[in-house]
Amino acid sequence: MTELPDLVASVLDSTSGDEEVEAYAVHRISTTIQAGTDAEIRHVGRAETRGLGVRVIGNGRLGYASTADLNPAAIRLAVERARANAAASDVDEAQALPEAQALPAPPVTDGLEDLLHPALSDASLADKIALVEDLTRRVVSLDRRVSALDTAEYRDDQRTVAISSTRGVQVVHSAGYVELWSDALGEADHVRASDAAYQFGRTIAELDPEPLARDTVDRTLRLLGPRCSYRPGVPVVLDPDVVADLLTAIGKGLSGGAVSSGRTPFAAKIGTTVAAACVSLADDGRSPTSPMAAWYDDEGLPRRRTPLIEDGVLVGALHSTVTARAAGAAGSTGNARRASHKSVPRAAATSLVLEPTVSRTELLASLDEVIYIQQLSGSGSGINPVTGFVDVGGAGALLRRGEAVGRVQTLPIATTLMSFLRSVVAVGDDSYPVPLSSAAASTVLCGNELISPGR
């Protein structure tokens, strides 16, 4: 198959007039292995995707087309279709391609040298299956109250991207990662609970089933204790998984498209206080501990660390080239992302992270009694990034000096994203990438106002 740089270069050979043209090509390979109780392998899958997207902009009109057929005739047809789509679209003065930008000099690596480690391709399918089987056996052997698995899953992903444009962008970059997680089922005294834990790495050697199994079981057991009551006004601690749901919604509200259209509670609030003074939030597109880490964004601009909130004050938003022009911002923040080669880039978060203020151990040990919220119910529809309203249920445990003493019934949480940010008292140092989110989240201590009284 023709190499990706040659594919994107061939698109530029067919440009005409003053039109701006960008070609985006991707080659992606992923493996998924799933197992259940007794190490029963339920699924082994391998997916490989190759595709090309063409963006054409002429006189403020955008056209886009894509193809999974990478022969020369299909590529020429994609260019013609993108050009025809541009001719039929409305004028949008914000539409433009970015000028090429070099990586910071001297190069800022931040540990990104091994984003695609050679050892990732060296691992055999048998090794990956054995890893999942080992994890399942460990989870169900640690405590008799946790005797079944919903699923244990291994996944790896390797991706190479090439981007070339008439504005001088010419980049090729690769990344890969591995993930391992387990979701356990527990039962005690006629109470049932389920919870999961997760690991991330760049090679299979970085995954360790033993601590992952222990974490999975501990999280499940925390939800199986005796039902507890708690005194009024007790502080609330949010688990990183819960914080990730909230940060993901905040990231959507701080994306350039939402900001420029006013469809966010953070619209027109740059320079104002939106959070407690202890809150500093950034999006770090270069964080090597994130599956989303990359040298470049999906327009070919260098990724960077973008401050969003500093000491409680909103200082920025996440932009692609188009959203920056629409919002009148200085320029892209390197946050252009695509769902695939079939879509145009849009501004989105990559790895949102809160600046820690205390260690997680100190945070929990310093409190006589806290409500620890470990899960949210209804977060898919109950957290609205457009209005900022949060209306969900929380499940967790009562902790005394960091130790679980019993479970708490589902707690009603009716608040707003901004009220959550203003309620933060401390941020732990235990951030990790949370699956299905755009956050590397930490344990967070909040005031009791998050819990809705009388509901």
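In table form, for the structure just shown:
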{"item": "Any hit, the stretch 349-357, residues being over 30 Å from Ala404 (Cβ atoms) and surrounded by 20 or more Cβ atoms within 10 Å (Cβ to Cβ)", "result": "yes"}
{"item": "Hey, Leu185 within 22 Å of Val408 (Cα to Cα), hydrophobic (A, V, I, L, M, F, W, C) and in the same structural domain as Ala327 (by TED's automatic domain parsing) or not", "result": "no"}
{"item": "Arg286 being surrounded by 21 or more Cβ atoms within 10 Å (Cβ to Cβ) and not in a helix (DSSP H, G or I)", "result": "yes"}
{"item": "Search result, residues across the stretch 119-148 that are within 28 Å of the chain's Cα centre (by Cα) and among the acidic types (Asp, Glu)", "result": "Asp122, Asp127, Glu133, Asp134"}
{"item": "Among (1) acidic (Asp, Glu); (2) surrounded by fewer than 16 Cβ atoms within 10 Å (Cβ to Cβ); (3) at pLDDT below 95 - the single one Glu19 does not satisfy", "result": "(2)"}
{"item": "Strands (runs of 3 or more DSSP E) (entirely within the stretch 143-213) containing at least 2 residues that are polar (S, T, N, Q) and in contact (Cβ under 8 Å) with a residue 40 or more places away in the chain", "result": "146-165, 170-188"}
{"item": "Strands (runs of 3 or more DSSP E) wholly inside the stretch 336-402 that include at least 2 residues being among the charged types (D, E, K, R) and free of Cβ contacts under 8 Å to residues at least 40 places away in the same chain", "result": "389-400"}
{"item": "Tally, over the stretch 327-359, of residues that are at pLDDT 95 or above and in contact with a His (Cβ under 9 Å, 6 or more places away or on another chain)", "result": "6"}
{"item": "Qualifying positions in the stretch 358-384 - under 17 Å from Leu450 (Cα atoms) and either surrounded by 20 or more Cβ atoms within 10 Å (Cβ to Cβ) or not polar (S, T, N, Q) (or both)", "result": "Glu369, Val370, Ile371, Tyr372, Ile373, Gln374, Gln375, Leu376, Gly378, Ser379, Gly382, Ile383"}
{"item": "Residue match in the stretch 81-90 (condition: charged (D, E, K, R), under 20 Å from Ser165 (Cβ atoms) and either in contact (Cβ under 8 Å) with a residue 60 or more places away in the chain or surrounded by fewer than 12 Cβ atoms within 10 Å (Cβ to Cβ) (or both))", "result": "yes"}
{"item": "Residue check for Leu411: hydrophobic (A, V, I, L, M, F, W, C), in contact with a strand residue (DSSP E or B) (Cβ under 8 Å, 6 or more places away or on another chain) and without any contact (Cβ under 8 Å) to a residue 60 or more places away in the chain", "result": "yes"}
{"item": "Flag if Val279 is assigned to a strand (DSSP E or B) and either under 30 Å from Glu93 (Cα atoms) or of a type in the set (A, V, I, L, M) (or both)", "result": "no"}
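The values are calculated or read from the model by the stated rules, or taken from the named source; none is laboratory data. Values in this document were obtained by computation on a predicted structure and should not be read as measured data. Counting neighbours? That spans all protein chains shown, and the Cβs are built from the backbone with ideal geometry, glycine included.
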